[in-house]
Structures are given as structure tokens and as C-alpha cells.
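Trainee: First the structure, which I've put down as C-alpha cells, then a few questions once you've had a look.
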Amino acid sequence: MLLTDHISDVQLNEYLDNESAARAQIETHLSSCAECAARLTALKTLFAEIESLPELELTQPLSARFLPTPSLSPQLPRWLTLTATLQAALALITVIVAAPFISRLLPVIQMPSLTDLFLLLQSQWTVWLDTLSTFQLPTLPQIPTLEISSLVLALTLAGVSMLWLVGNGLLLRNQMK
């Protein structure tokens with residue numbers, strides 16, 4: 001480390017902590033530079049004042065501010081647990097009682113096979129594509145073109161722009177009051 005200018009704050013802190021590899025060069029510089037020596041003295045004074053402060057006990061732990069507060073109690077209320085249990089038991093009993101009646105209805109319900117479903121889907125898709133391929137948009141009637149001079153167009157555009165600016169100015173002025 002070559003000290004041509006002043007010692008940095010980092011180097012001074014390392015020197016105070018006895019962690020500097022260039023301790024001899026820093027001491028040489030401090031003996032010849034009054035500004036760096038004054039900064040070192042100010043740092044020593046600051047650290048001495050900090051160490052002389054009394055130890056204070058915290059009234060509240062700081063970690064409490066950063067820990068998440070539980071929004072729900074860890075256990076559900078007893079009445080809610082009992083209600084949910086009774087509802088589950090009632091649903092199970094209903095399924096057990098209704099099972100014989102539902103099993104008699106199942107043979108009546110005819111479910112198509114997966115192959116039949118795919119064939120139906122394919123035929124519907126083909127019909128939809130055929131309909132879409134023959135679809136034509138209606139033709140619009142021909143609108144006659146207006147002969148407007150560029151001067152009239154420019155004046156109209158300028159007038160509309162001015163009205164827009166004045167209207168926005170009035171709206172903004174009313175909002176600021």
C-alpha cells in the first residue's frame with residue numbers, strides 16, 4: 001500500500017482495529033500529516049465516547065417488531081370444530097343411505113364411450129369449419145367522398161385542438177381548487 005494522499009476512513013478503521021497490513025506505513029504517514037492524525041484522534045474520541053455510554057436494557061425486544069404477528073389463533077374454536085365434524089358425519093351417513101337408491105339408477109343412465117365422444121366432437125368440428133369457410137362478411141354500401149380543401153381541414157383541426165386544450169385547462173383548474 002502506497003500512501004501518497006490522505007488515509008481513507010476504511011484504512012483508519014482497520015488501523016484502529018489492528019487489522020491493517022500496512023500498519024508501519026500508516027504510522028509514518030500519521031506522523032507527517034496533521035489532518036490524518038486529527039481524523040484518527042477524532043475517531044478514537046468517538047469510539048471512547050460510545051464505549052463510555054451506559055448499557056441500557058430494552059423495554060421491548062426489537063425482534064418483536066420484525067416477527068409476523070399471528071392473525072389467527074393456532075386452534076379453531078371448539079364450536080367450529082364440532083360443527084364441521086357433525087357436517088362431515090351427516091354427509092357420510094347420507095351417502096351410505098342413498099347408495100342403494102343411486103345404484104338402481106346407474107344402469108338406466110347410458111354413458112357414451114370415449115370413442116363415440118371423439119367421433120361426435122370431430123363431426124361437430126368439421127361442421128363448424130365448413131360453416132366458417134363459407135361465411136362472408138356483408139358488403140358495405142359505398143360512402144361518397146367529401147371534397148374538403150386542405151385549408152378547411154387544417155382550420156377545423158386547429159379549432160378542435162383549441163377547444164380540447166381549453167376544456168382540459170378548465171377541468172384541471174377546477175380539480176386544483
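Trainee: For Phe135, work out the one condition from (1) under 46 Å from the mean Cα position of the chain (by Cα); (2) loosely packed, with under 10 Cβ neighbours inside 10 Å; (3) in a helix (DSSP H, G or I) it doesn't fulfil.
Mentor: Unmet condition: (3).
Trainee: Also: Going by what's in this entry, would Phe47 be described as without any contact (Cβ under 8 Å) to a residue 40 or more places away in the chain and surrounded by 10 or more Cβ atoms within 10 Å (Cβ to Cβ)?
Mentor: yes
Trainee: Does Gln75 count as part of a helix (DSSP H, G or I) and of a type outside the set (A, V, I, L, M)?
Mentor: On the way: part of a helix (DSSP H, G or I): no; of a type outside the set (A, V, I, L, M): yes.
No: the conditions fail for Gln75.
Trainee: Could you check the range 16-38 and list, in sequence order, the residues that are touching a helix residue (DSSP H, G or I) at 6+ places or on another chain (Cβ under 8 Å), assigned to a helix (DSSP H, G or I) and open to solvent by less than 70 Å² (accessible area, probe 1.4 Å)?
Mentor: Answer for the range 16-38, where residues must be touching a helix residue (DSSP H, G or I) at 6+ places or on another chain (Cβ under 8 Å), assigned to a helix (DSSP H, G or I) and open to solvent by less than 70 Å² (accessible area, probe 1.4 Å): Leu16, Ile26, His29, Leu30, Cys36, Ala37.
The values are calculated or read from the model by the stated rules, or taken from the named source; none is laboratory data. These numbers come from a predicted model, not from an experiment. Virtual Cβ from ideal backbone geometry, glycine too; neighbours counted across all protein chains shown. Ligands, DNA and RNA are excluded from the accessible area calculation, which covers all protein heavy atoms including side chains. Shrake-Rupley method; radii C 1.70, N 1.55, O 1.52, S 1.80 Å.
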